[in-house]
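The next block holds one structure in the form of structure tokens; read it before the comments.
The values are calculated or read from the model by the stated rules, or taken from the named source; none is laboratory data. Keep in mind that what you see is a predicted model, and the values were worked out from it rather than measured. Virtual Cβ from ideal backbone geometry, glycine too; neighbours counted across all protein chains shown.
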Amino acid sequence: MRILLDNFTKKFDDVMVINNMNLEVRDGEMMALLGPSGCGKSTTLFSICEIYQCNGGRILFGDRDVSNVTSQHRNVGVVFQNYALYPHMSIFDNIAFPLMVKKMPAEQIKKEVHKIAELVHIGDLLERKPSQLSGGQQQRVALSRALVRKPDVLLLDEPLANLDAKLRLEMRSEIRRIQQETGITAVLVTHDQVEAMSMCDRIALMDHGKILQVTTPNDMYHNPQTDFVAGFLGNPPIAFLDGVITNGQIQLKDSAIQLPLPSRVPVQPDGKIVRLGVRPEYFGNQAGIELQGQVSFVETQGRENLYDIRLGNGAVLRSIQPVRADAGLGDSVSWPLDTEQILIFDDQGQRVA
Amino acid sequence: MRQRIGLLGLGFMTPALVMVLVFFLIPVVMTAVFGFTNMGTATGISGGEYLLTPKIVKQLEIRGEFDKQSLTALSSNRYQVTEAGLAKAASDGLKSAYIQGLRDSLLGREYSSKRDFERALKKIKDRPRKVRALKKSAEYFSQSILNRRYLTDHEFKTALAATGVQLSATEFDQVLSASYTGWIWTTDNFTNMFSKPDTWVVAFNTLVYVLLVLAFNIGFGLFLALTTFYLPSGQSAFFRAVWLLPRISPPVLYVLLWKWLTWDTGFISTVLGWFGVPAFNYMLGSVGSAWAVVVLINGFVGASLGMILFSSAIQAIPKSILYASEVDGANRWQQVRYIILPQLRWPILFTTSYTTLSLLTSFEYILLSTEGGPGNTTNVWALEAYFTALNNYAGNLKYGYGAAMALVLVTLGVLVSLLYLRLFKFDELVARPKIEN
Ligand SMILES: Nc1ncnc2c1ncn2[C@@H]1O[C@H](COP(=O)(O)OP(=O)(O)OP(=O)(O)O)[C@@H](O)[C@H]1O
Ligand SMILES: [Mg+2]
């Protein structure tokens with residue numbers, strides 16, 4: 001069922017956390033709310049399930065305005081960051097709880113619980129107490145409790161934050177599998193871009209209570225609308241260079257280096273201040289304009305190495321490429337920059353092209 | 001290593017052990033010791049003497065095990081002039097001429113009444129001039145043991161034998177123990193206690209008192225904790241403060257307020273009087289209202305403890321668990337029933353057992369309000385023990401009996417504690433150490 005936030009506003013006393021947010025999550029879609037800590041992701045999520053009451057605007061499930069519907073009646077499943085399992089109940093009772101409070105007959109509850117437990121692979125843990133489970137198992141229990149009553153929407157608040165790297169990887173695909181199998185509309189809150197990109201159909205990138213961009217992971221990576229989005233997505237992160245338009249070319253700040261504008265970019269007025277975003281994979285690999293610099297940092301990542309190259313003007317470019325023997329710390333190198341792939345932002349951080 | 005940890009643990013425990021010893025074991029042991037004596041105002045708490053009084057003779061007579069003649073002989077006042085009596089009189093400085101006169105004319109004679117003997121004395125030539133001195137001199141020859149104090153049982157036995165009254169061995173012992181004024185070891189306290197119908201009334205009152213006040217404390221404490229939890233924080237702080245007032249006000253003032261509220265010239269009667277309801281003393285006017293007042297007085301004091309403990313326990317439940325239950329579709333009642341109450345098991349166990357124990361032994365608010373009245377209807381065990389041992393109108397304090405009552409209370413308290421530990425599976429709750437070692 002689609003979710004629509006229409007001019008949604010949330011304040012805590014006098015603190016404005018979300019101001020006039022508009023967001024649509026399509027039916028059956030998994031949407032990531034991605035953003036730095038404190039930007040209002042959890043607040044948005046908790047408002048969708050009415051744990052927080054919104055102070056303005058509307059929230060629609062399908063075509064139904066649920067702004068004034070209490071959380072008990074919104075029919076949402078929520079997975080909390082710390083799982084919020086009921087410590088005094090067995091796993092079975094935990095999962096059965098949403099059905100039990102609906103007064104579903106015991107036989108049917110049993111059937112539903114076992115069905116969902118099979119789906120998330122915890123069928124043999126039902127007798128235990130939450131404290132006797134590992135983090136990943138607790139996570140699955142929380143997921144089954146959220147799903148068992150077939151909610152209209154599934155909300156996940158950093159569900160993988162407490163897991164170790166390997167388990168996180170496993171649960172990532174697990175949650176995605178279950179979401180796709182059930183076809184449920186889901187919102188995933190995360191500050192981990194990899195999680196957002198790998199699990200979700202679309203990403204809504206937030207900062208300071210505002211949505212900066214909503215699009216597919218691929219598009220967001222290649223077509224960020226602002227320098228913040230470009231900087232937030234991508235690992236290793238994008239490098240920025242300052243420059244100014246001179247004679248239809250880009251003159252790097254404090255440097256004689258001139259770079260041509262990418263061919264897709266329309267003519268820019270002379271004297272315009274720009275920021276160039278260069279992703280590490282487009283420097284040092286393909287053919288392009290050679291740039292001189294000094295290796296100031298090397299990070300081994302196994303198959304590839306990450307190099308920081310300090311240019312003559314002090315700016316730093318990042319390059320990721322297969323391990324090579326000819327570039328050690330402090331070496332002078334001359335590597336090609338693929339100028340066609342440069343992202344150009346204006347001095348306000350808005351994308352020019 | 002193990003050994004060292006053991007010693008260290010013992011070291012840490014020592015203050016606690018000393019406390020238990022000083023403040024619990026020793027009083028309990030003392031109570032137990034006193035409970036098996038008949039100490040009281042009559043006996044004192046140090047040793048005693050032997051004193052046979054006409055009253056004791058009458059009591060022995062009522063028992064009906066004695067030969068009537070020997071009892072009459074015991075209580076009769078016989079006079080005989082003996083060398084022993086003369087010697088005593090001489091050593092007390094009576095005139096030797098008088099003593100000589102007595103020896104000459106009366107030695108060996110017996111008189112069965114004081115009057116006769118005094119008449120005989122008046123015929124002696126060198127008798128004292130003053131009547132009082134004469135009467136006093138007669139006492140050297142009294143052969144009765146009535147109303148005389150004997151410091152040891154040997155003295156008393158000698159005196160008893162000297163009276164010449166024929167007593168069987170058992171009769172002799174009975175007279176001996178009946179005239180002892182000190183305390184003795186006995187189990188009579190317990191047999192008396194359990195055979196007295198009043199005891200069972202008081203026991204039943206205690207049961208009613210503990211159960212009602214306990215239910216009120218826990219129920220009302222829970223109610224306050226839950227309602228204040230769902231109130232906005234400012235209001236809940238206010239309500240909690242209001243319900244703390246009974247706890248922090250001095251008991252005497254607090255009960256005074258209740259008296260002012262419930263007496264027949266008090267607030268309730270006055271207000272109801274405006275509507276034509278006749279004035280009524282709610283504190284002592286009827287058994288039902290007296291109980292209601294007793295329960296409320298104690299209940300309002302005790303509820304604050306539960307309220308505070310339960311409130312903080314509710315606050316300690318992670319917010320996200322409450323959120324989860326809400327989005328899972330639980331309404332308020334289901335949230336309380338399935339999420340909050342189960343997590344209050346510990347504080348409820350604690351408050352229930354603590355309150356039960358303190359109620360078992362508490363009587364101060366009853367003492368200040370109804371004093372167990374009307375009649376004996378709100379009298380409880382601890383109050384009865386207090387009256388018996390420490391304070392009553394007759395002034396006849398029975399320490400031993402009171403201690404025996406207290407001992408019953410202590411035993412009951414220990415049993416109740418054990419019962420609670422079983423009931424709430426206490427060992428299950430504490431069995432597994434949170435930090436493994
Ligand atoms: N109860 C509250 N009262 C006042 N301010 C709050 C409250 N809850 C959250 N905030 C503020 O609202 C902002 C958004 O909080 P929120 O919990 O939504 O952040 P988040 O994006 O989920 O961050 P994180 O990734 O760290 O969980 C923060 O600046 C926070 O300080
Ligand atoms: Mg959060």
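Residue count for the range A:311-347 under the criterion of being of a type in the set (S, T, N, Q) and within 14 Å of residue A:230 (Cα to Cα): the result is 1.
Taken together, the criteria exclude residue A:269 from residues that are in contact with an Asp or Glu (Cβ under 9 Å, 6 or more places away or on another chain) and modelled with pLDDT under 90.
When residue A:19 is tested against (1) in contact with a Cys (Cβ under 6 Å, 6 or more places away or on another chain); (2) at pLDDT below 90, only condition (1) is not met. Screening the range B:313-330 for residues that are at the interface with chain A (Cβ under 7 Å from one of its Cβ atoms) and hydrophobic (A, V, I, L, M, F, W, C) and picking the one that is nearest to residue A:150 (Cα to Cα) gives B:327.
Annotation: residue B:349 fulfils all but one of (1) of a type in the set (A, V, I, L, M); (2) at pLDDT 90 or above; (3) more than 27 Å from residue A:95 (Cβ to Cβ); the unmet one is (2). Go through the range B:53-68 and count every residue that is surrounded by 11 or more Cβ atoms within 10 Å (Cβ to Cβ) and among the small types (Gly, Ala, Ser). Count: 0.
Restricted to the range A:58-110, and to residues there that are more than 9 Å from chain B (Cβ to nearest Cβ) and basic (Lys, Arg), the residue that is nearest to residue A:24 (Cα to Cα) is A:58. The set of residues from the range B:238-269 being farther than 28 Å from residue B:221 by Cα and exposed (fewer than 12 other Cβ atoms within 10 Å of the Cβ) comprises just one member, B:265. Here residue A:174 qualifies as of a type outside the set (A, V, I, L, M, F, W, C) and surrounded by fewer than 21 Cβ atoms within 10 Å (Cβ to Cβ). Give me the pairs: first residue in the range A:263-288 and outside any loop (DSSP other than H, G, I, E, B), second residue of a type in the set (Phe, Trp, Tyr), beta-carbon distance under 6 Å, and six or more apart or on different chains, which are they? Cβ pairs passing all conditions: A:275/A:240; A:275/A:345; A:277/A:240. Here residue B:199 fulfils each of the conditions (1) closer than 30 Å to residue B:103 by Cβ; (2) modelled with pLDDT of 85 or more; (3) of a type in the set (Val, Ile, Thr) apart from (1).
Taking the criterion of being within 14 Å of chain B (Cβ to nearest Cβ), closer than 23 Å to residue A:207 by Cα and more than 16 Å from ligand 1 (Cβ to nearest atom), the only residue of the range A:148-192 that qualifies is A:154. Residues in the range A:241-258 that are crowded, with 19+ Cβ neighbours inside 10 Å and hydrophobic (A, V, I, L, M, F, W, C) were compared, and the one that is farthest from residue A:279 (Cα to Cα) is A:245. Of A:7, A:68, A:19, all but one fail to be surrounded by 15 or more Cβ atoms within 10 Å (Cβ to Cβ), more than 29 Å from residue A:172 (Cβ to Cβ) and either over 22 Å from the mean Cα position of the chain (by Cα) or more than 9 Å from ligand 1 (Cβ to nearest atom) (or both); the exception is A:19. Considering only the range A:259-294, state which residues are touching a Gly at 6+ places or on another chain (Cβ under 9 Å), surrounded by fewer than 17 Cβ atoms within 10 Å (Cβ to Cβ) and closer than 25 Å to residue A:320 by Cα. Selection gives A:260, A:292, A:294. Going by the structure shown, is residue B:61 not assigned by TED's automatic domain parsing to the domain that holds residue B:112 and not in a helix (DSSP H, G or I)? No. For the range A:27-56, taking the residues that are away from ligand 1 (no atom under 12 Å from the Cβ) and under 17 Å from the mean Cα position of the chain (by Cα), the one that is farthest from residue A:197 (Cα to Cα) is identified as A:29. The residue that is modelled with the highest pLDDT, counting only those in the range A:286-300 that are small (Gly, Ala, Ser) and more than 8 Å from residue A:329 (Cα to Cα), is A:293. With the condition kept exactly as written, say whether any residue in the range B:358-365 is within 14 Å of another protein chain (Cβ to nearest Cβ), part of a helix (DSSP H, G or I) and touching a helix residue (DSSP H, G or I) at 6+ places or on another chain (Cβ under 6 Å). Checked the range B:358-365: no residue is within 14 Å of another protein chain (Cβ to nearest Cβ), part of a helix (DSSP H, G or I) and touching a helix residue (DSSP H, G or I) at 6+ places or on another chain (Cβ under 6 Å). For the range A:34-57, filtered to residues that are more than 16 Å from ligand 2 (Cβ to nearest atom) and more than 14 Å from chain B (Cβ to nearest Cβ), the residue that is nearest to residue B:326 (Cα to Cα) is A:54.
Taking the listed residues B:255, B:165, B:242, the one that is part of a helix (DSSP H, G or I) and either over 30 Å from residue B:322 (Cα atoms) or not hydrophobic (A, V, I, L, M, F, W, C) (or both) is B:255, with no other qualifying.
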